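J.: I'd like to ask you about the structure that follows.
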Amino acid sequence: MSLAFYLDHHVPAAIADGLQQLQVDVLTVAEDVKADWDDDQLLARALELERIVFTQDRDFLVLAARW
């Protein structure tokens, strides 16, 4: 089983590109056409897709704790 990541818009594109070059399963919110969604929606989407959220948004920790 490999890990699948869902990258928030706070993550630089260079990180996504580097991970994809290493064959890591990465989907960005931009690729998923969800860049304008709020954090609650993005977390729900990641759960729906069974992907791990990768973000640099400090507020996301508060949200994750609430969930």
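J.: Taking segment 37-67 as the search range and keeping residues that are of a type in the set (A, V, I, L, M, F, W, C) and without any contact (Cβ under 8 Å) to a residue 12 or more places away in the chain, which one is nearest to Tyr6 (Cα to Cα)?
T.: Top of the filtered list is Leu47.
J.: Of all residues in segment 21-36 being surrounded by 16 or more Cβ atoms within 10 Å (Cβ to Cβ) and not aliphatic (A, V, I, L, M), which is farthest from Ala4 (Cα to Cα)?
T.: So the residue we want is Lys34.
J.: Does segment 4-18 hold any residues that are touching a Leu at 6+ places or on another chain (Cβ under 8 Å) and in a helix (DSSP H, G or I), and which are they?
T.: Ile15, Ala16, listed by residue number.
J.: Anything in segment 40-52 that is buried (at least 17 other Cβ atoms within 10 Å of the Cβ) and either at pLDDT below 90 or in a helix (DSSP H, G or I) (or both)? List them, or say none.
T.: Across segment 40-52, the qualifying residues are Leu42, Leu43, Arg45, Ala46.
J.: Pairs only if they're at least six apart or on different chains, beta carbon under 7 angstrom, first in segment 1-28 and within 20 Å of Leu61 (Cβ to Cβ), second of a type in the set (S, T, N, Q); list them, first residue then second.
T.: Pairs found: Leu7/Thr28; Asp8/Thr55; His10/Thr55; His10/Gln56; Val11/Thr55; Val11/Gln56.
J.: Tally up the residues in segment 1-59 that are out of contact with any Lys or Arg (no Cβ under 8 Å at 6 or more places or on another chain) and among the basic types (Lys, Arg), please.
T.: Final tally of qualifying residues: 2.
J.: Restricting to segment 53-67, and then to whatever is outside any helix (DSSP H, G or I) and surrounded by 12 or more Cβ atoms within 10 Å (Cβ to Cβ), can you tell me which residue is modelled with the lowest pLDDT?
T.: Asp57
The values are calculated or read from the model by the stated rules, or taken from the named source; none is laboratory data. Just so we're clear, the structure is a prediction, and the values are computed from it rather than from any experiment. Glycine gets a Cβ as well: all are built from the backbone with ideal geometry, and neighbour counts include every protein chain shown.
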